[in-house]
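The values are calculated or read from the model by the stated rules, or taken from the named source; none is laboratory data. All values reported here derive from a predicted model rather than from experimental measurement. Heads up, the Cβs are rebuilt from the backbone with ideal geometry, glycines too, and the neighbour counts pull from every protein chain shown. With ligands, DNA and RNA removed, areas are computed over all heavy atoms of the protein, side chains included. Shrake-Rupley method; radii C 1.70, N 1.55, O 1.52, S 1.80 Å.
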Amino acid sequence: MENLANKIIVYLGRTPNFTSEIILQDDGAGPYIKKWDASDKVKPTDSQLNATATEATKLENNAEADAKRRKEYLNWQDQMEMIYKDQKNGTTTYKDHCDKVRSDNPKE
């Protein structure tokens, strides 16, 4: 259902409220749009949604990279400690850590 949601986000050019404005459902045959109350665009056809597939996949992949980055960046207290020590010692531990997290989890 997540890929359908991402297709809708690309189609609309914004993230709708998926609990009241647009409701998705899957009864076992695959996800579909159960309710469409977006006032800025009409409900898309399957071909319109399929045309957004590449961009929707990119959104999904970037969201996964963001989630991995958040885990690997460490908590804010550890980050602050690295920054403090870098400033005190003239090192680049924090920057190096962030660069590694980003290179290990690239975005498209």
Notebook entry, point to check: Of all residues in the stretch 70-85 being open to solvent by 70 Å² or more (accessible area, probe 1.4 Å) and under 23 Å from the mean Cα position of the chain (by Cα), which is nearest to LYS58 (Cα to Cα)?
Noted result: ARG70
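In the stretch 37-45, is there at least one residue being farther than 17 Å from ARG14 by Cβ and not β-branched (Val, Ile, Thr)? Show your work before the answer.
In the first step, residues of the stretch 37-45 are kept if they are farther than 17 Å from ARG14 by Cβ; the result is 45.
Pick out the ones that are also not β-branched (Val, Ile, Thr) and you get none.
The answer is no, given that none of the residues of the stretch 37-45 is farther than 17 Å from ARG14 by Cβ and not β-branched (Val, Ile, Thr).
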Check: What pairs come up if the first residue lies in the stretch 7-20 and is over 13 Å from TRP36 (Cα atoms), the second is acidic (Asp, Glu), and their beta carbons are under 7 Å apart, counting only those six or more places apart or on different chains?
Finding: VAL10/GLU55
Note to self: Where the second residue is surrounded by 13 or more Cβ atoms within 10 Å (Cβ to Cβ) and not in a helix (DSSP H, G or I) and the first is in contact (Cβ under 8 Å) with a residue 24 or more places away in the chain and among the small types (Gly, Ala, Ser) and lies in the stretch 57-68, which pairs have Cβ atoms under 9 Å and are six or more apart or on separate chains?
What the structure shows: ALA65/ASN105
Next item on the list: Scan the stretch 33-63 residue by residue and report those that are over 30 Å from PRO106 (Cα atoms), among the β-branched types (Val, Ile, Thr) and exposed (fewer than 14 other Cβ atoms within 10 Å of the Cβ).
Entry: VAL42, THR45
Margin query: For the stretch 9-20, which positions are surrounded by 14 or more Cβ atoms within 10 Å (Cβ to Cβ) and out of contact with any helix residue (DSSP H, G or I) (no Cβ under 9 Å at 6 or more places or on another chain)?
Written below: LEU12
Margin query: So, in the stretch 86-108, exactly how many residues are at negative phi and surrounded by fewer than 13 Cβ atoms within 10 Å (Cβ to Cβ)?
Written below: 14
Check: If you check every pair at least six apart or on different chains, which have Cβ atoms under 6 Å apart with a residue in the stretch 73-85 that is modelled with pLDDT under 95 first and a residue that is open to solvent by 70 Å² or more (accessible area, probe 1.4 Å) and hydroxyl-bearing (Ser, Thr, Tyr) second?
Finding: none
Notebook entry, point to check: Taking only pairs six or more apart or across chains, which ones have beta-carbon atoms under 7 Å, a first residue in the stretch 40-55 that is more than 21 Å from GLU21 (Cα to Cα), and a second residue that is modelled with pLDDT of 95 or more?
Noted result: ALA53/LYS7; GLU55/VAL10
Next item on the list: Determine the pairs where a residue that is part of a helix (DSSP H, G or I), located within the stretch 94-107, has a partner that is open to solvent by 40 Å² or more (accessible area, probe 1.4 Å) with Cβ atoms under 6 Å apart, the partner being 6 or more residues away or on another chain.
Entry: TYR94/ILE83; VAL101/GLU72; VAL101/TYR73
